[in-house]
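J.: Before anything else, here's the structure in question.
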Amino acid sequence: MTPVILDCDPGHDDAIAIILAAADPAIDLLAITTVAGNQTLEKTTLNARRVCTVAGIEGVPIAAGCARPLIRPLRIADDVHGASGLDGPAFPEPTVEVVDEHAVELMHRILTGHGEPVTLVPTGPLTNVALLLTRYPEDAARIREIVLMGGSAERGNVTPYAEANIYVDPEAAAIVLGSGVPITFCGLNVTHQALVTEDVVARLLGLDTELGRICADLMTFFGSTYRRLWGFAAPPLHDPVAVARVIDPTLVACVDAHVAIELHGAHTLGATVVDLHSYLGHPPNAKVALTLDRDRFWDRVIDAIARVNFPAR
Ligand code: RIB
Ligand code: CA
């Protein structure tokens, strides 16, 4: 089992990433940390508690992190994820609590005490991870790798060339990329291969469990905003792709490439400049995900959701 800390901004796709990381036998989920991104920190943290409550995820500490990016004002995605950040299904009052410790301090405590290097899986803006590496630079040696959802080897989803997680806090992304920790980018070019098509929703409903229905409702809402905003026939389930890469690297094929974070471009701020053909001659500094094994990916996601045996209504 790979020890993992999931740093997220739930968020519909983060919600499935939490369940996959908690339920898949290949991962030992040590903690869930939350960051402002899709919604405010208060809402992303409440949503993490909601997901853990309905998925029966207990014993995994949840710690809230940064309420805004390092420098820039927070830009939320309520147009995509709704006013709550997890619109769609009604959630019961959460019973899973938050620990009284900042996310960065919880990460540091786990990294110093775990006994083996830990994999960080950020699926939101990189503010918490950048702050960890700035406050405790020695922790870089205690991180096995960072496998993140963010960026794009092609076009963006917030501006023509910038993806949301990087765009919200590009300085944080540059700090993380410059830390020297092995890093893998699972960007839009690969997460757009994880479309939640009708057959996937049918498989969720076919589980005939409360959690299966909640996940189907989440995907139905997520699909409605992707249809309205981008004309997608089905929504891309971004964040679980990063978790899948940790579960089984053969699920997500990657190449080594040089990546730079654009911090100054008048039109390209927040872009991940992925030099797949080494035009600029810089040595590779990251792995970049290019291809998803869709069938095995969905099997792994559905199996994880099925493992939580909530009784049918
Ligand atoms: O651009 C997609 C990413 O931004 C996903 O992680 C989504 O949850 C949002 O955080
Ligand atoms: Ca996210």
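The values are calculated or read from the model by the stated rules, or taken from the named source; none is laboratory data. Remember, it's a predicted structure, so these values are computed and weren't measured experimentally. So basically every Cβ, Gly included, is an ideal-geometry build from the backbone, and we count neighbours across all protein chains shown. All accessible areas refer to the heavy atoms of the entire protein, side chains included, with ligands and DNA or RNA removed. Shrake-Rupley method; radii C 1.70, N 1.55, O 1.52, S 1.80 Å.
J.: Going through P170, P160, P122 one at a time, which residue ends up being within 16 Å of ligand 1 (Cβ to nearest atom), touching a Leu at 6+ places or on another chain (Cβ under 6 Å) and more than 26 Å from P249 (Cα to Cα)?
T.: P170
J.: If we only count helices (runs of 4 or more DSSP H) wholly inside the range 109-211, which ones have 3 or more residues that are open to solvent by 10 Å² or more (accessible area, probe 1.4 Å)?
T.: Passing ranges, in order: 127-135, 164-168, 170-177, 198-206.
J.: Report the residue count in the range 249-263 for those that are surrounded by 14 or more Cβ atoms within 10 Å (Cβ to Cβ) and not in a strand (DSSP E or B).
T.: Here the count works out to 4.
J.: A further question on this structure: Within the bounds of the range 291-307, is there any residue that is on the phi < 0 side of the Ramachandran plot, open to solvent by 80 Å² or more (accessible area, probe 1.4 Å) and outside any helix (DSSP H, G or I)?
T.: no
J.: Which residues, taken from the range 4-29, are more than 17 Å from A304 (Cα to Cα) and either of a type in the set (F, W, Y) or away from ligand 1 (no atom under 13 Å from the Cβ) (or both)?
T.: I5
J.: Only one of these conditions is not met by A90: (1) open to solvent by 10 Å² or more (accessible area, probe 1.4 Å); (2) within 25 Å of A130 (Cα to Cα). Which number is it?
T.: (2)
J.: Moving on. Just to be sure, is D217 in a helix (DSSP H, G or I), of a type in the set (D, E, K, R) and farther than 22 Å from A90 by Cα?
T.: no
J.: Can G115 be described as modelled with pLDDT under 95, over 16 Å from the mean Cα position of the chain (by Cα) and not aliphatic (A, V, I, L, M)?
T.: In short, yes.
J.: For the range 1-22, name all the residues that are within 16 Å of I214 (Cα to Cα) and either more than 12 Å from ligand 2 (Cβ to nearest atom) or more than 15 Å from the chain's Cα centre (by Cα) (or both).
T.: Scanning the range 1-22 gives I19, L20.
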